[in-house]
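The values are calculated or read from the model by the stated rules, or taken from the named source; none is laboratory data. Just so it is clear, the structure is predicted and the values come from calculations on it, not from any experiment. Glycine also receives a Cβ, built like all others from the backbone with ideal geometry; neighbour counts cover every protein chain displayed. Please note that ligands, DNA and RNA were not included when accessible areas were found on the heavy atoms of the full protein model with its side chains. Shrake-Rupley method; radii C 1.70, N 1.55, O 1.52, S 1.80 Å.
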Amino acid sequence: MPARPATVAVPPPDTSLVRRARKVNRVLAQTYPDARCELDFDDPFQLLVVTVLSAQTTDRRVNAVRPTLFAAYPDPTSMAGAPREHLEQIVGPLGFFRAKTDALLKLSQALVERYDARVPGRLEDLVTLPGVGRKTANVVLGNAFDVPGITVDTHFGRLVRRLGWTEETDPVKVEHAIAALFPKRDWTMLSHHLIWHGRRRCHAKKPACGACPVARLCPSFGAGPTDPVEAEKLVRTQGPA
């Protein structure tokens, strides 16, 4: 079953807004045909762990420590029993290493104790795990279990407001509002399309408006440079380091 957003009272969306939002998603799908989760993983446990580690750092930095981390601790059982000092040494380059080590230990222990050392495939179970909120749960569901989910990270939230799809700022309300605009089958890839666009063009401080493929569909056009040459200089070919 798809991961349903938490129940929030939202009026039915305007038909014209639905059409415009879906057009934006189609254009972004053409612009970013390789859009995917930029965290490397081999199984649901790895994805759960690297998503938790990605808080307040970049996916590329997490990907750099991933091979060492899972070579030493490939499953919840081994990670639950890991020496704290060794874990801290591995995740040290990511910053906040003490808090992140504590999160990994508690998360792994909970998986061992509650779910027989397996990552559950239901939203309601995932969000009971230490350090796992709806955003992390939807990342895991959508990318490791093929269960549609909307990932409301900072990029996603910024873009849906700039695009005029919602004025909500609470992540759960954003999730619910955007879910109403799209069929469930589109939720996971929609998240990737918007996140990729946010990392590559629609930056927080200086969006590359003049090099934006959905400029004519965006009510915030002009928030950044509109000159094509100037805007193109702001375009990144990959997510931030």
Original post:
On the accessible surface of the chain, probed at 1.4 Å, how many percent belong to carbon and sulfur atoms?
Top reply: 51
Original post:
Taking a probe of 1.4 Å, how large is the accessible area per residue of segment 140-194, in Å²?
Top reply: 37
**OP:** Count charges around residue 111 for me, please; just the other residues with Cβ under 14 Å from its Cβ, Lys/Arg as +1, Asp/Glu as -1.
**Re:** -1
Subject >> Equivalent ellipsoid semi-axes - Cα gyration tensor, segment 180-241, angstrom >> reply: 23, 14, 8
**OP:** Round to the nearest 10 and report in Å² the accessible area of residue 59, as given by a 1.4 Å probe over the protein chains' heavy atoms.
**Re:** 20
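Report the local net charge at residue 238: Lys and Arg +1, Asp and Glu -1, summed over other residues whose C-beta lies under 14 Å from its C-beta.
Values: positive: 36, 60, 61, 199, 200, 201, 236; negative: 34, 38, 40, 59.
For residues surrounding residue 238, the net value is +3.
Test of understanding: what is the full-extension gain from residue 184 to residue 86, defined as 0.36 nm times their sequence separation minus their Cα-Cα distance?
The residue 184-residue 86 span can extend by a further 31.1 nm.
How charged is the neighbourhood of residue 167? Take every other residue with its Cβ under 12 Å from the Cβ of residue 167, and add Lys/Arg as +1 and Asp/Glu as -1.
For residues surrounding residue 167, the net value is +1.
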Subject >> Relative contact order [Cα under 8 Å, 6+ residues apart], the chain, whole percent >> reply: 23
Original post:
Going by accessible area, probe 1.4 Å, with all protein chains left in place, what is the ranking of 100, 23, 205, 135, largest first?
Top reply: 205, 135, 23, 100
Subject >> Quarter of Cα convex hull surface for segment 114-189, i.e. mean projection, nm² >> reply: 5.2
Subject >> Members of 106/206; 23/233; 106/173; 23/106 lying beyond 31 Å, as alpha-carbon distances in this model show >> reply: 106/206; 23/106
**OP:** List the pair-distance distribution P(r) of segment 1-147, using every Cα-Cα distance, as the percent of pairs falling in each 5 Å bin from 0 up to the bin containing the longest distance, rounded to whole percents.
**Re:** 2, 9, 17, 19, 18, 13, 8, 7, 5, 2, 1, 0
